[in-house]
Amino acid sequence: MDSELGRLGASLTVTEDEEMGGVVPSGLWHSEPVTRGFFIVGRLVSSKSFHPEALHSTLKVAFNPVRGMDFKMIDDERFLLKFFHIIDRDRVLERCPWAYDKNLLVLAPVDADDDPKLVDITRCDFYIHIHGLPLGKMTKEVACFIGNKLGQFKEVDLDSRGDAWGSSVRIRVMLPLKRALKIRTVIGDEHLVTFTYERLPNFCYLCGCLGHISRQCEVQLQDGFCDPGANAPYGNWLRAAAPTSYRGRIGASSARTPTGSIHRPTFVSRSSLQSQPVVTPPRRGSDIFGSFGSFSTDNPPPYIPTPTTVQTPSEQVLVADLNLIPPLPSSPGTPQRPPS
């Protein structure tokens, strides 16, 4: 749509009657923008229509901006989000990809000097897991090479020592949405690696493209098409678990705030303690929202303070309840503390 408008615009010529007499003053054109805020342009990758009011109310709960957010449709497909603090806007972009009713939401930042109708929203960031790399090849350089083969490499997950090795290598890549999801590739001396994707929204098991499901795919309309059934070239096995602190979904019909509590055990070191059984209460977490993004409270969020560990050469005992620790023997003349 945007490319067609661009071609039409390039072929048009301005007539004498249409030409504006005079030049916009430089001070007026380069003055401070009247519309203040921090903007995101987006579109829903789906073959189905949606209700803007329902989308707006769901996004407001999902993004939960501190300073608030405004929503406005700018054409049949694109919508504009206005935030009143850059941290609110950047937090939304950093947590991409998002989904609404299991369909991908493509979001891109917009400057006040840009036309939101011309911003490229045909690509989206995804976290991809690379499986099958030898340990010696789990490096930032190899991850960057593979990421640029899939799309535009953004970053790779590294540990505290700057290494990327593990069960898989996790990279962030901006993928072109018009291409099918990549399942595997061969690198080096015919070494096969495979890919899985975090927080993958609806996609087609027949063609591997986002934005529609198999029963809506045009592949099945081709002559000689035979339904592969369970042997489709793509499947749910392309989904990877997200190692984030939150996991859940947001749906168009309902939205809930996070519930549950986090209990962190206490580290206690004392040379005179007898070994006590370790009691760790189960963590509770609940899926946040119906079918949107990917969050959970199974892991403590980063703002939970870590416990203080007493560094002594004595035995370290992990307990979840300080009442398990027997009282220390009192010195002569000191009143005994009653048990709690």
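The values are calculated or read from the model by the stated rules, or taken from the named source; none is laboratory data. What you see is a predicted model, and the numbers here were worked out from it, not measured in a lab. Every residue, glycine among them, receives a Cβ derived from its backbone with ideal geometry; neighbour counts consider all protein chains shown.
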| Counting only residues that are touching a strand residue (DSSP E or B) at 6+ places or on another chain (Cβ under 7 Å) and of a type in the set (Val, Ile, Thr), which one in segment 192-229 is surrounded by the fewest Cβ atoms within 10 Å (Cβ to Cβ)? | Thr194
| task | Could you grab the pairs with beta carbons closer than 9 Å, sequence gap of 6+ or different chains, first residue in segment 157-177 and among the acidic types (Asp, Glu), second one in a loop (DSSP other than H, G, I, E, B) and surrounded by 21 or more Cβ atoms within 10 Å (Cβ to Cβ)? | result | Asp157/Ala164
| Is one or more of the residues making up segment 101-119 more than 17 Å from the chain's Cα centre (by Cα) and within 22 Å of Leu200 (Cα to Cα)? | no
| note | In segment 107-156, anything assigned to a helix (DSSP H, G or I) and either within 30 Å of Ser49 (Cβ to Cβ) or in the same structural domain as Phe83 (by TED's automatic domain parsing) (or both) is listed as Pro116, Lys117, Leu118
| remark: Reported set for segment 55-81 where residues are touching a Pro at 6+ places or on another chain (Cβ under 6 Å) and surrounded by 16 or more Cβ atoms within 10 Å (Cβ to Cβ) is Leu80
| said: Could you list, ordered by first residue, the pairs with Cβ atoms under 8 Å in which the first is in segment 86-98 and closer than 20 Å to Ala112 by Cβ and the second is part of a helix (DSSP H, G or I), at least 6 apart or interchain? | reply: Asp88/Phe63; Arg91/Phe63; Val92/Phe63
| query | What are the pairs, 6+ residues apart or on separate chains, where a residue within segment 121-144 that is at positive phi has its Cβ under 7 Å from a residue that is among the aliphatic types (A, V, I, L, M)? | reply | Gly132/Leu192; Gly132/Val193
| task | Could you tell me which numbered condition Leu104 fails, if it satisfies all but one of (1) surrounded by fewer than 20 Cβ atoms within 10 Å (Cβ to Cβ); (2) outside any helix (DSSP H, G or I); (3) out of contact with any Lys or Arg (no Cβ under 8 Å at 6 or more places or on another chain)? | result | (1)
| Selection status of Gly166, more than 22 Å from the chain's Cα centre (by Cα) and either over 26 Å from Phe71 (Cβ atoms) or of a type in the set (A, V, I, L, M) (or both) | no
| field | Entirely in segment 166-251, the strands (runs of 3 or more DSSP E) that have 3 or more residues that are touching a Phe, Trp or Tyr at 6+ places or on another chain (Cβ under 7 Å) | value | 169-176
| Criterion violated by Glu198 - all others in (1) modelled with pLDDT of 95 or more; (2) touching a helix residue (DSSP H, G or I) at 6+ places or on another chain (Cβ under 8 Å); (3) of a type outside the set (A, V, I, L, M, F, W, C) satisfied | (2)
